Amino acid sequence: MTERRNPAQVFGEVAGEFDRVRPAYPAALVDDVVNYGRPGLGGLRALDVGAGTGRATEAFAAKGLPVVAVEPDDAMADVLARRVARFADVQVVRATFEDFRPAERFGLLFSGEAWHWTVPETRWSLAADALEGGATLALFWNNERIAEAALRAAMLRVFARHAPSVVISDEPVTAEQVWRQWPGDELAGHAAFESCASRHYQCQRSVPTADFLGLAQTRSQFRMLPPSTRRDLLEGLTQLFGDEVPLAIVTTLLLARRRQR
Ligand SMILES: C[S@@+](CC[C@H](N)C(=O)[O-])C[C@H]1O[C@@H](n2cnc3c(N)ncnc32)[C@H](O)[C@@H]1O
């Protein structure tokens, strides 16, 4: 039987592991997003697009923001719902961003590592429609790169040998590049948004090898490989590392304001 899986919605296959091993977003990022916007979001709620297991949802809810968290994958949404159960002001909506039909305008739209999974033809207009004039758009991604050059080169060789179709794009986006490449180029050129800004956060951290291998298995490209390729790849990677894997993590945040209508 031919497998017909949607690469945008394979994360639920490993929802628990995803939640456990994907690095948290920097606390400073959440503060920067909140400070960029109007105090108290002007009395409006925040919208989390592609909320997943709620890593970002929880961080913003913990700042006292009311959040509508939109997530299409049931297994991810189950973890999300448990995670945010203690916040009375967080609502979980099981839908894609495209199917979500809000009856309100939001004071903030944020999306962590999910904006690239939304539909290209509609994502910016849906965001512009969902936001009140002057409200904040905040898009962010963590980028985890093996911090030792020789170890990283060895990892690339293992991927090239077992899964040459996988594109390893672990070059962090620099402040110079951010408005020249996607999504900065599209956001900066969009008539509905203004006052674009970016922030970059860096840290170095060693993670247990099992967690690094778990992280690799939460990537959509990995999940879409045939099971035998996944197994060979994991065996090859396991042989490379000692107890820990040194990571350089760069988080990129893009900010913009919805222009007044
Ligand atoms: C890499 S995960 C990131 C989850 C979460 N934002 C985080 O920071 O951990 C991407 C999420 O986007 C969701 N997703 C995929 N396509 C989507 C769409 N069209 N609309 C909304 N969410 C989508 C996936 O189900 C998945 O949970």
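Summary of values
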quantity	calculated
Selection count where residues are more than 11 Å from the ligand (Cβ to nearest atom), out of contact with any Leu (no Cβ under 7 Å at 6 or more places or on another chain), within 21 Å of Phe97 (Cβ to Cβ) and not hydrophobic (A, V, I, L, M, F, W, C), scope region 10-56	1
Enumerated helices (runs of 4 or more DSSP H) restricted to region 181-261, each holding at least 2 residues that are small (Gly, Ala, Ser)	184-188, 209-217, 227-238
Pairs where the first residue, in region 231-250, is closer than 26 Å to Trp141 by Cβ and the second is of a type in the set (Lys, Arg) and part of a helix (DSSP H, G or I), C-beta under 9 Å, 6+ apart	Leu233/Arg161
Given (1) away from the ligand (no atom under 12 Å from the Cβ); (2) in a loop (DSSP other than H, G, I, E, B); (3) in contact with a Ser or Thr (Cβ under 8 Å, 6 or more places away or on another chain), index of the condition Glu98 fails	(1)
Enumeration of residues in region 57-87 that are under 20 Å from Asp99 (Cβ atoms) and in a loop (DSSP other than H, G, I, E, B)	Glu71, Pro72, Asp73
Residue satisfying condition, being exposed (fewer than 13 other Cβ atoms within 10 Å of the Cβ) and touching a residue at least 12 places away in the same chain (Cβ under 8 Å), within set Val167, Val207, Val178, Val173	Val167
Of residues in region 102-128 being assigned to a helix (DSSP H, G or I) and within 10 Å of the ligand (Cβ to nearest atom), the one surrounded by the fewest Cβ atoms within 10 Å (Cβ to Cβ)	His116
Test: Arg55 is surrounded by fewer than 22 Cβ atoms within 10 Å (Cβ to Cβ), among the basic types (Lys, Arg), in contact with a Gly (Cβ under 8 Å, 6 or more places away or on another chain) and closer than 17 Å to Leu109 by Cβ	yes
Boolean, Ala138 is at pLDDT 95 or above and in a strand (DSSP E or B)	yes
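The values are calculated or read from the model by the stated rules, or taken from the named source; none is laboratory data. Note that the coordinates shown come from a computational prediction; the quantities given were computed from them, not determined experimentally. No Cβ is skipped: glycine too gets one built from the backbone with ideal geometry, and neighbour counts run over all protein chains shown.
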